[in-house]
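The block underneath contains the structure these notes are about, expressed in structure tokens.
Read-outs throughout are calculated quantities, based only on the coordinates presented, and are distinct from any laboratory measurement. Keep in mind that this is a model prediction, so the values were computed, not measured. Counting neighbours? That spans all protein chains shown, and the Cβs are built from the backbone with ideal geometry, glycine included.
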Amino acid sequence: MGRWIKRLSVTGLLTLFVLSALTRIVSAGLGAVPDGAEADPTEEVLLCPPSDEVETLLSQIAGRDEELRARETALAMREQDLEIARQEIESSLDRLSEAESRLAARMEMSATASDEDINRLVAVYEGMKPKDAAVLFEAMEPTFASGFLARMRPDAASALFSNLSPEKAYALSVMMAGRNANAATE
């Protein structure tokens with residue numbers, strides 16, 4: 001059985017070689033140019049003229065090919081637009097991040113400056129004679145005045161309290177005591 005398969009394979013190969021050679025000879029004969037004439041490289045040699053159905057199919061294929069090229073071009077343009085938009089968004093995000101950093105720095109500077117101003121003012125009130133400072137605190141709103149008193153040294157605050165009217169001293173005491181009354185204890 002092994003010899004039979006080998007003979008069949010060899011016979012099949014020989015047949016293919018012969019058919020290939022015949023095809024080349026026939027193609028060469030059909031495409032031959034008569035003596036003295038030049039061959040037109042754009043002219044196709046057809047063994048049989050295409051039917052209307054084949055022409056229609058070829059036309060449809062060409063149309064679809066054009067559609068695909070147009071779609072590819074449109075997709076390439078969209079990808080390019082998306083890349084430009086992505087770059088613009090990244091640039092905007094970078095600028096926004098920088099602006100946030102600058103704003104945070106300004107807010108920190110402002111908070112620090114405000115605290116420094118208040119601490120300086122507290123030092124001024126602590127350095128005043130208690131009678132003179134009491135005149136100013138009598139004129140202040142209790143919520144505003146209690147903020148200064150809470151930052152003052154206890155000895156300076158007590159001297160100031162002793163020079164306030166009883167009503168004002170009471171209002172400031174209530175305000176300062178109630179400041180942390182609602183704070184969590186646990």
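Which condition breaks for Y125 when tested against (1) within 30 Å of K168 (Cβ to Cβ); (2) under 47 Å from the mean Cα position of the chain (by Cα)?
The one condition Y125 does not meet is (2).
Kindly indicate whether T112 is under 30 Å from R151 (Cβ atoms) and surrounded by 10 or more Cβ atoms within 10 Å (Cβ to Cβ).
So T112 fits the description; yes.
Within the set of pairs 6 or more residues apart or between chains, which connect a residue that is under 20 Å from L136 (Cβ atoms) inside segment 97-125 to a residue that is surrounded by 10 or more Cβ atoms within 10 Å (Cβ to Cβ) and of a type in the set (G, A, S) with Cβ atoms less than 7 Å apart?
Listed by first residue and then by second, the contacts come to Y125/A133.
Is segment 81-102 home to any residue that is in contact with a Phe, Trp or Tyr (Cβ under 8 Å, 6 or more places away or on another chain) and part of a helix (DSSP H, G or I)? Give the steps one after another, and end with the answer.
First, pick out the residues of segment 81-102 that are in contact with a Phe, Trp or Tyr (Cβ under 8 Å, 6 or more places away or on another chain): none.
Checking segment 81-102: not a single residue is in contact with a Phe, Trp or Tyr (Cβ under 8 Å, 6 or more places away or on another chain) and part of a helix (DSSP H, G or I).
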